[in-house]
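Just so it is clear, none of the values below were taken in a lab; they were calculated from the coordinates. Bear in mind that the values here come from a model prediction, so they are computed numbers and not experimental data. Cβ atoms come from the backbone with ideal geometry, glycine included; neighbour counts cover every protein chain shown.
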Amino acid sequence: MMWLRLILAVAVCLVIPVEPSKDVMHQMALKFGKPIKLCQQELGADDSVVKEFLDFWKDGYVMKDRQTGCMLICMAMKLELLDSAMEIHHGSTFAFAKAHGADEAMAQQIIDIVHGCTTTYPAAETNDPCQRAVNVAMCFKAHVHKLNWAPDVELLVADFLAESQ
C-alpha cells in the first residue's frame, strides 16, 4: 500500500507541471542585474540608468532613456544571453531561465516572448540598437505582466540593493 502511494505521488508530480511563478522572474531579474555596475562603468552611464533599471518592473513604468538600452545590451552580453549579432541566444537563455527555477515550458515561453518582441522590433528597421533594446524590453515586460509573472518590485529592489552592497 505504501508503494502504491509513492508511485501515485511520483506520477502526480510528473503529470502536473510546476506553475511558473513570480519567484522565477525575481531570481532571473536579480541575476540579470549582477553586471549592472560593471556595465555602468564601461559605458560611463550615470545613476539615472540604474534608477530606470530598478523601476523597470513597476506596472505602468515606461523606460525612456536609450542609454538604459545600451546598459541592457551590455548586461545581456556579459551573461551570454545574446549572440554576436545581438540577438537572443536561445540555448543560453533557456539554460539561464532553467537555472533560476523555470521548468522547460516556462523557459521556452520566455524565449518565445523575447523572440516575438525582437520580431516586432527587427534590427534591420532600427538604426539604434540601444533604442531597440528599450523597445524589446518594454514588450517583454508587457507580456510578463499579462501572464502575472512580474516580480514584486519592492522585494526585488531590496534584494538587488542588498546583493550589490
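Descriptive notes on the structure:
- Summed over qualifying helices (DSSP H, 4 residues or more, each -39500 (n - 2.57)) and divided by its residue number, the chain shows a 222 nm mean residue ellipticity of -21000 deg cm²/dmol.
- Taking the longest Cα principal axis of the chain as reference, the axis of helix 66-78 is set at about 50 degrees.
- Ranking of Ser92, Ser164 by neighbouring Cβ atoms within 10 Å, starting from the fewest: Ser164, Ser92.
- Here is the P(r) of the chain: all C-alpha pair distances, binned every 5 Å from 0, give 1, 8, 16, 21, 20, 14, 7, 4, 3, 3, 2, 1, 0, 0 in whole percents.
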